[in-house]
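First up is the structure itself, then whatever we jot down about it.
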Amino acid sequence: MTLYEGIALIQEKQAVVLDLGTDYTKFGFTGEAAPRCIIPSQFWCTKDRRYKRVHHYNSTEELYENLVQMLHLLYFRHVLVNPKERKVVVVESLLTTTQFRETLAKVLFMHYEVSGVTWWDSARACAATLGTPIVLVVNIGAKEAEVVAVVHGVPVVHAIQSEPLGAQTLHDNLARMLDEDNNAQLNLEPSVIEDIKVRTCFVPGRQLVAQLGGQCSSVRSVQYPRASGALTVSGRARALAAEPLFDRDREQASLPDAVLRCIRSCPIDTRRALAENVLVTGGGAALPGLKARLACELRHLVSQDPYKDSLHVAKFKFHSSPCEDNVCAWVGGALCGAADWGVRAAPRDQYLREPRLRDWACLLHNTPPDHHHHCP
Amino acid sequence: MAYLIQPDYVQYFCTCGQIKPITNLYFCRHCLKVRCGFCICHEVDSHYCANCLENMPSSEARLKKNRCSSCFDCPSCFHTLSTRATYAPARQDPAAGDAKVENKQPKKMYYLSCFNCRWTSRDVGIPDQPVASGGWPERTNPFANRFGQLLEYFKAIAQQEKQDKLDKERKKYAIRGKYITLTDKTGLTGAMARTTAGLPSSESSSSAIANFVPSQAKEEVEELPEDYHTKEVNLKLITTMPQRLASPEWQAQLVSRLQPIARPLSVKRSQRCRRCDHNLTKPEYNPGSIKFKIELLAYYHVPEVKIISFETIKPGCTTELLLKLTNPTAHEMQISIIQPDEVPEVEEKEEPKSIEKSLEKSLNLEKDTSWRQVIERKPLLPTTIKLHKPELSFTLAQRDDAAEYDDDSHHETNDIILWRKSNKLALRLKVTTDEEAKVGSPAVAILALQYSYRNTVPPTANSPQTRDHVLYTTVAIHLGTVTQ
């Protein structure tokens, strides 16, 4: 046990850190190096008698009920503390919908009566795990890959790049290739696809892709055991599952393009520093070989056409965060939440007086004080 | 009527608007209202290990990170691990000769084994232990050291920010005297103030900042080995996602790196009514006991409705429905069946204002009722099936366990009450289905019960209570689907 964990025990009530991802939810205490639990973001719905995903909702009421159920599961099955009178640190993407944020705030403040909530965006939280002032965070999540430049603790909002290149894209591509290889409509469950991806797939290097061509006959195939007979995962499926991330055909919407676009939209004096402080993280980045491939693609692309003249960065350097890739944002939240002792948390009584959250997209909160539209 | 695996045919409306089977509802004896898991406050009562049924005080549970110290789960299949004993082979010592070995008792050694998937702690090279429980090697998070450094750094920054803010404020209001005192000049007061406030001196926080080494970016990224793609993949050696996520600190990717998982504790929960803060349930402390100290379940207080039988629901037809009503309380109950819209709106309002009341209120903390606006909602009642209200109210005898053995005296019966037996009776009701009811849609009849309830809470001095109340409950009865 490290020194600070001991201090956290003396502290009256340790805050909890919540990272409600699309696929997995990370939940634990501030000041600890790893979350207490990483569980799928779903709960058993007694009404429908099936597992229901938190992010599958049609109305605000449904989302409210989903969040109540999910938090109940987290608090009373995994972390085993009373939610009442305890602070919460929420780690979320900068592009989280207002509906989701406000419903989550309502659930936390009104339903669970927590004493305060701090909102941290995942980009700054990821950057906090490094301790470096300028970081380019490439976060590959379940649905989207987000590229955010964090310069001295401020995310450069106008340069945010977000592409639908998350784990879901990989899963769809893998499922399609498996169907083709087996000449059948397999209709594999998402958990099986994920398992095949995690255990067999990899990202080949740039040269290897060119060498292999479209066939990949030299890549070993794998027999994946299933209850209804083994499934052949061909070498092509293993090697090319992650190819959509690097596919430039769709109007240059590939991951390396997003990274370079983000750097290009940033202030000119930060561009070189950003390129030399790249952090590739998120659960999707844990695929073997992905980081090396991204580095290689970046170095190649920067000398190519749209960037050749506008972007003059010579070097790309990469960080590795002191945690597993899938919990990076959570660990950042645990660090930030422990450092300020919850001073920055929005207190409950303030929310009760005025149930509104601060948001970067809202002009009420980010109009400069000397602007004539500013209202105090 | 609630089943474990079948759908719930009879559901009750909670005060907050949720529709649930009676087994999932609570009844607050102090507000005389039905409550459910959604609108009450849950609290952690006590921690225990579900495997060894050992209690753990919450402070100890917090120290042990909510894990049992003697039980382990299999990292491969998550089944509970069992401790197996073996006799360690007596070590052959070539120098001592054979004679000495015979005298030695063979030593008992223990290892962990999973009876479900046959995983053992020997598979991953954990040495056998000389004691049966505990003593297993503990692993620390490989990143704990760096995490500690980062935390120290951020805390120092936060500290410095706070200090700067304080200094700024002090400067603003400092009244400059004519003469510079010696203490001001040497900065002694600042240091003294810091020590009296118990804050670390400014030097230590700045040294934490100065000594911190930010993460160094590297140009080369670890690449896969050249022959990675031609190597055979043995899926038996690679862990699955659930296996990795079961221990968030390590997330072992290879089966050979799996470690036994200390079993997570469970909690007993107590429930509290949000409105009056009285306990609805409180479990017994003993983990082996499934009894409650306080148990205000709706099942013991609200008349229970069961379906005996019903005719198929057809659009535009009047069909019959047989119900059984049970009185679970120890008092006679006067019940009448009414239409759901006849249930009076009972607003949970404050008492009429009076000077004494507001004086009393000013003493106490104001009760926070903000949760009501988000939790309570009006349920949508389906109106396609109309109930014919029987012009009848009837008494239901109290529950009497001894009455089961008595020969039942014959009660008078009529077309509505088919039979009576101690605290139960059967009813024949008529329902009319709307002409426009869609074929294939679920048929749900709504009926409301008005029943008398005797409150057994001893009246307190400041809240004189009446003993007899008239309460209402609304029930949704699922009658299959509308058929042609």
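Picking from residues in segment B:27-45 that are assigned to a loop (DSSP other than H, G, I, E, B) and either within 11 Å of chain A (Cβ to nearest Cβ) or on the phi > 0 side of the Ramachandran plot (or both), the one that is surrounded by the most Cβ atoms within 10 Å (Cβ to Cβ) is B:CYS39. A:TRP341 meets all of the listed conditions (1) at pLDDT 90 or above; (2) among the aromatic types (Phe, Trp, Tyr); (3) surrounded by fewer than 20 Cβ atoms within 10 Å (Cβ to Cβ) but one, namely (1).
Taking segment B:233-273 as the range and being facing chain A (nearest Cβ under 8 Å), in a loop (DSSP other than H, G, I, E, B) and closer than 30 Å to B:ASN286 by Cα as the test, only B:LEU265 passes. Residues of segment B:1-53 that are in contact (Cβ under 8 Å) with a residue 40 or more places away in the chain and of a type in the set (D, E, K, R): B:ASP8, B:ARG29, B:LYS33, B:ARG35, B:GLU43, B:ASP45.
Annotation note: Cβ proximity below 6 Å between a residue of segment A:247-264 that is more than 10 Å from A:VAL147 (Cβ to Cβ) and open to solvent by less than 20 Å² (accessible area, probe 1.4 Å) and a residue that is of a type in the set (Ser, Thr, Tyr) and at pLDDT 85 or above (sequence gap 6+ or interchain) occurs for no pair. Every condition in (1) under 13 Å from A:VAL138 (Cβ atoms); (2) not assigned by TED's automatic domain parsing to the domain that holds A:LYS317 holds for A:ASP257 except the one numbered (2).
Taking strands (runs of 3 or more DSSP E) as the structural unit, those lying wholly within segment A:108-208 and holding at least 1 residues that are within 13 Å of chain B (Cβ to nearest Cβ) and either among the hydroxyl-bearing types (Ser, Thr, Tyr) or under 21 Å from A:ALA239 (Cα atoms) (or both) correspond to A:116-121.
Being in contact (Cβ under 8 Å) with a residue 12 or more places away in the chain and open to solvent by 40 Å² or more (accessible area, probe 1.4 Å) is the filter; apply it to segment A:37-71 and report the residue that is farthest from the other protein chains (Cβ to nearest Cβ). Top of the filtered list is A:HIS55.
Residues being open to solvent by 80 Å² or more (accessible area, probe 1.4 Å) and either assigned to a loop (DSSP other than H, G, I, E, B) or without any contact (Cβ under 8 Å) to a residue 24 or more places away in the chain (or both): count how many of those fall in segment B:376-388. Spell out the reasoning first.
Kept after step one, since they are open to solvent by 80 Å² or more (accessible area, probe 1.4 Å), are these residues of segment B:376-388: B:378, B:380, B:383, B:386, B:388.
With either assigned to a loop (DSSP other than H, G, I, E, B) or without any contact (Cβ under 8 Å) to a residue 24 or more places away in the chain (or both) added as a condition, the list becomes B:378, B:380, B:383, B:388.
Of the residues in that region, 4 qualify.
Taking the criterion of being away from chain B (no Cβ under 11 Å) and open to solvent by 30 Å² or more (accessible area, probe 1.4 Å), would at least one residue in segment A:271-283 satisfy it? Yes, segment A:271-283 has at least one match.
Mind counting the residues in segment B:46-64 that are surrounded by 19 or more Cβ atoms within 10 Å (Cβ to Cβ) and either among the small types (Gly, Ala, Ser) or part of a strand (DSSP E or B) (or both)? I'd like the intermediate steps shown before the answer.
Restricting attention to segment B:46-64, the residues satisfying the condition of being surrounded by 19 or more Cβ atoms within 10 Å (Cβ to Cβ) are B:46-49, B:56, B:61.
This time we only want the ones that are either among the small types (Gly, Ala, Ser) or part of a strand (DSSP E or B) (or both), so: B:46-48, B:56, B:61.
Looking only at that region, the number is 5.
Highlighted here are the helices (runs of 4 or more DSSP H) found entirely within segment A:288-376 that include at least 1 residues which are more than 9 Å from chain B (Cβ to nearest Cβ) and over 30 Å from A:ALA275 (Cα atoms): A:348-353, A:363-366. Of all residues in segment A:91-103, those being surrounded by 13 or more Cβ atoms within 10 Å (Cβ to Cβ) and within 15 Å of A:HIS55 (Cβ to Cβ) number 7. Does A:SER228 satisfy the criteria of being assigned to a loop (DSSP other than H, G, I, E, B) and either within 23 Å of the chain's Cα centre (by Cα) or surrounded by fewer than 18 Cβ atoms within 10 Å (Cβ to Cβ) (or both)? For A:SER228, the condition - assigned to a loop (DSSP other than H, G, I, E, B) and either within 23 Å of the chain's Cα centre (by Cα) or surrounded by fewer than 18 Cβ atoms within 10 Å (Cβ to Cβ) (or both) - is met. Residue count for segment B:136-161 under the criterion of being open to solvent by 60 Å² or more (accessible area, probe 1.4 Å), touching a residue at least 12 places away in the same chain (Cβ under 8 Å) and assigned to a loop (DSSP other than H, G, I, E, B): the result is 2.
Give B:GLN18, B:GLN92 a once-over and let me know the one that is at pLDDT below 90, open to solvent by less than 30 Å² (accessible area, probe 1.4 Å) and of a type outside the set (A, V, I, L, M, F, W, C). It would help to see each step written out before you state the result.
Numbers: B:GLN92 fails: open to solvent by less than 30 Å² (accessible area, probe 1.4 Å).
Among B:GLN18, B:GLN92, only B:GLN18 is at pLDDT below 90, open to solvent by less than 30 Å² (accessible area, probe 1.4 Å) and of a type outside the set (A, V, I, L, M, F, W, C).
Close Cβ contacts (under 8 Å, 6 or more residues apart or on different chains) running from residues in segment B:208-232 that are facing chain A (nearest Cβ under 7 Å) and more than 22 Å from A:ALA286 (Cβ to Cβ) to residues that are open to solvent by less than 100 Å² (accessible area, probe 1.4 Å) and among the aromatic types (Phe, Trp, Tyr) comprise B:PHE212/B:TYR153. The number of residues in segment B:312-347 being open to solvent by less than 70 Å² (accessible area, probe 1.4 Å) and either outside the structural domain of B:THR474 (by TED's automatic domain parsing) or closer than 18 Å to B:ALA476 by Cβ (or both) comes to 14.
Give me a count of the residues in segment B:292-311 that are assigned to a strand (DSSP E or B) and open to solvent by 30 Å² or more (accessible area, probe 1.4 Å).
First, pick out the residues of segment B:292-311 that are assigned to a strand (DSSP E or B): B:292-295, B:297, B:304-310.
Right, trim to open to solvent by 30 Å² or more (accessible area, probe 1.4 Å) and you get B:292-295, B:297, B:306, B:308-310.
Total meeting the criteria: 9.
Scanning segment B:401-420 turns up one or more residues that are at pLDDT below 75, over 35 Å from the mean Cα position of the chain (by Cα), of a type outside the set (Asp, Glu) and open to solvent by 90 Å² or more (accessible area, probe 1.4 Å). Confirm whether A:ARG101 is in a helix (DSSP H, G or I), away from chain B (no Cβ under 13 Å) and modelled with pLDDT of 90 or more. The answer is yes for A:ARG101. Against the definition (more than 30 Å from B:SER113 (Cβ to Cβ), open to solvent by 50 Å² or more (accessible area, probe 1.4 Å) and at pLDDT 90 or above), how does B:ASN24 come out, yes or no? Judged against the criteria, B:ASN24 is a match. All conditions but one from (1) surrounded by fewer than 17 Cβ atoms within 10 Å (Cβ to Cβ); (2) touching a helix residue (DSSP H, G or I) at 6+ places or on another chain (Cβ under 8 Å); (3) among the hydroxyl-bearing types (Ser, Thr, Tyr) apply to B:SER289; the one that does not is (2). For B:LYS178, the requirement of being closer than 26 Å to A:PHE202 by Cβ and modelled with pLDDT of 55 or more is not met.
The values are calculated or read from the model by the stated rules, or taken from the named source; none is laboratory data. Bear in mind that the values here come from a model prediction, so they are computed numbers and not experimental data. Every residue, glycine as well, gets a Cβ built from its backbone with ideal geometry; the counts of neighbours run over all protein chains shown. What goes into the accessible areas is simple: the full protein's heavy atoms, side chains included, and nothing from ligands, DNA or RNA. Shrake-Rupley method; radii C 1.70, N 1.55, O 1.52, S 1.80 Å.
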